[in-house]
Amino acid sequence: MKLVLAIVSNEDAGKVIKTLVKENFFVTKLATTGGFLMSGNTTILVGVQDNVLEQCIQIISETSKRRTKLVPNAISSEFGIFSSTPVEVQVGGATIFVINVEQLIKA
């Protein structure tokens with residue numbers, strides 16, 4: 001048995017969860033915040049049997065899309081003046097961790 005932890009953007013979370021539940025996966029949703037852009041994201045926990053692990057990963061990967069976003073980038077000059085020049089960064093997609101589970105108890 002495995003525990004899948006998937007960090008996805010809030011924009012994709014609803015579609016990811018809906019698709020997982022439709023395919024009979026049990027899902028727990030956690031609201032989290034990323035460290036790089038300090039923006040909200042969703043961490044999804046899914047306990048899966050080994051034989052459906054690849055299906056779970058495929059669903060998460062296919063329903064979490066990467067996109068580009070402009071974020072402000074503060075630049076200081078020699079006179080101490082700051083300007084905010086937007087920088088294009090890749091956001092979205094999914095970061096997926098798979099952890100071995102010795103035992104699952106539903107009480």
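Every read-out reported here was derived from the displayed coordinates using simple, explicitly stated rules and does not represent laboratory data. What you are looking at is a predicted structure, and each value in this text was computed from that prediction instead of being measured.
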Checklist entry - Short version: ³J(HN,Hα) in whole Hz for each residue of the range 11-28, in order, from phi by Karplus 6.51 cos²θ - 1.76 cosθ + 1.60 (θ = phi - 60°), x for Gly and Pro, what are they? => result 5, 9, 4, x, 5, 4, 5, 4, 5, 4, 5, 4, 8, 6, 8, 8, 10, 10
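How long is the gain from ALA31 to GLU54 if the chain were fully straight, where each residue apart is worth 0.36 nm and the alpha carbon distance is subtracted? Don't skip to the end; give the middle numbers.
Numbers: separation 23, 0.36 × 23 = 8.28 nm, distance 2.44 nm.
Gain on extension, ALA31 to GLU54, equals 5.8 nm.
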Checklist entry - Tell me which lysines have Cα within less than 19 Å of LYS106's Cα, excluding those fewer than 8 residues away on the same chain? => result LYS2, LYS29
Checklist entry - How long is the gain from LYS22 to THR85 if the chain were fully straight, where each residue apart is worth 0.36 nm and the alpha carbon distance is subtracted? => result 18.4 nm
